[in-house]
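**Student:** One structure is given below, represented as structure tokens, and several questions about it will come after.
The values are calculated or read from the model by the stated rules, or taken from the named source; none is laboratory data. What you see is a predicted model; the values in this text were computed from it and never measured. Every residue, glycine among them, receives a Cβ derived from its backbone with ideal geometry; neighbour counts consider all protein chains shown. To get the accessible areas, we keep the full protein, side chains included, count just its heavy atoms, and leave off ligands, DNA and RNA. Shrake-Rupley method; radii C 1.70, N 1.55, O 1.52, S 1.80 Å.
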Amino acid sequence: MVLTCKKAGRWTIKMYELSATAKYGEQGYEVGKDVRVMVEGLYGVGNTVISSYSGALFVAGGSGITFVLSAQVVRLGDDSSVRTIDIVWSILDAASLIDFGIFKASLTPMIPLFTSLIEQSTLARLRVSVFYTRASKGSFQGMYLLPGMTLAPGRPKTAKFLDDAVTSMQSAGGVTAVFVGVCGPPALARDVADVVGTFDIYRKRMAGGMELHEEVFGW
């Protein structure tokens, strides 16, 4: 299990200090330190087995991308029903693709990771769309994007992505519903929820249904 957390408060600072201790890290002599933890969830009554759906749309803001990367659907097995996967990620600056902001010392660079996911996705069509709201000098230098990955300024039009996701899933023969997952600040979650709630009911039925899963952070 890989735990990704933001060093923002007392608990996460202690977690960071524990992982940074040489003898507990992967480079130390003692690997696999036992730590007692308490796990809560899952919550709600929806189906969160993403591999049982025909299509999946993930919308993430900032560090919410960790929710997407933890979803096993991006590493499909032979028993998966998923035909199409769309990942939509909003960040402040395109440079975050390489450094991931304050996480640059602890996370694998995003471009190689996304590239690997696209190349390994042989059983389903995987697309990654990244949007940035702020550009800095040098943000695009040396940046190569694999086909299937796009980078654009502004904010994503969630309704269009959902419409495209449903169309692509149906074109690929999918009939067992669409999973929509969002992780980010409250405003992003509300936007995605509104789009799902107002989506054409007839198209929802033709797609086999639609399930929304939200994870919101507010710091």
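**Student:** Tell me, yes or no, whether the stretch 180-191 has at least one residue that is out of contact with any helix residue (DSSP H, G or I) (no Cβ under 7 Å at 6 or more places or on another chain), farther than 16 Å from PHE58 by Cα and not charged (D, E, K, R).
**Tutor:** Looking for residues that are out of contact with any helix residue (DSSP H, G or I) (no Cβ under 7 Å at 6 or more places or on another chain), farther than 16 Å from PHE58 by Cα and not charged (D, E, K, R), one finds none in the stretch 180-191, hence no.
**Student:** Go over the candidates ARG134, ARG127 one by one and state the one that is closer than 21 Å to SER51 by Cα and either at pLDDT below 75 or among the basic types (Lys, Arg) (or both).
**Tutor:** ARG127
**Student:** Another question, then. Considering the stretch 75-121 alone, what residues qualify as being at pLDDT 60 or above and open to solvent by less than 10 Å² (accessible area, probe 1.4 Å)?
**Tutor:** VAL82, THR84, ILE85, ASP86, ILE87, VAL88, TRP89, ALA94, MET110, PHE114, LEU117
**Student:** Would you be able to tell me the number of residues in the stretch 187-219 that are closer than 19 Å to SER171 by Cα, outside any helix (DSSP H, G or I) and open to solvent by less than 70 Å² (accessible area, probe 1.4 Å)?
**Tutor:** Residues flagged as closer than 19 Å to SER171 by Cα, outside any helix (DSSP H, G or I) and open to solvent by less than 70 Å² (accessible area, probe 1.4 Å) within the stretch 187-219 amount to 5.
**Student:** Tally time: how many residues in the stretch 204-219 are over 19 Å from the mean Cα position of the chain (by Cα) and in contact (Cβ under 8 Å) with a residue 40 or more places away in the chain?
**Tutor:** Total satisfying the criteria: 2.
**Student:** Also: Any residue in the stretch 62-72 that is farther than 30 Å from ARG127 by Cβ and modelled with pLDDT under 75?
**Tutor:** The answer is no, given that none of the residues of the stretch 62-72 is farther than 30 Å from ARG127 by Cβ and modelled with pLDDT under 75.
**Student:** On to the next question. Identify the residue in the stretch 155-186 that is open to solvent by 30 Å² or more (accessible area, probe 1.4 Å) and assigned to a loop (DSSP other than H, G, I, E, B) and, among all such residues, is modelled with the lowest pLDDT.
**Tutor:** Among them, the one singled out is VAL175.
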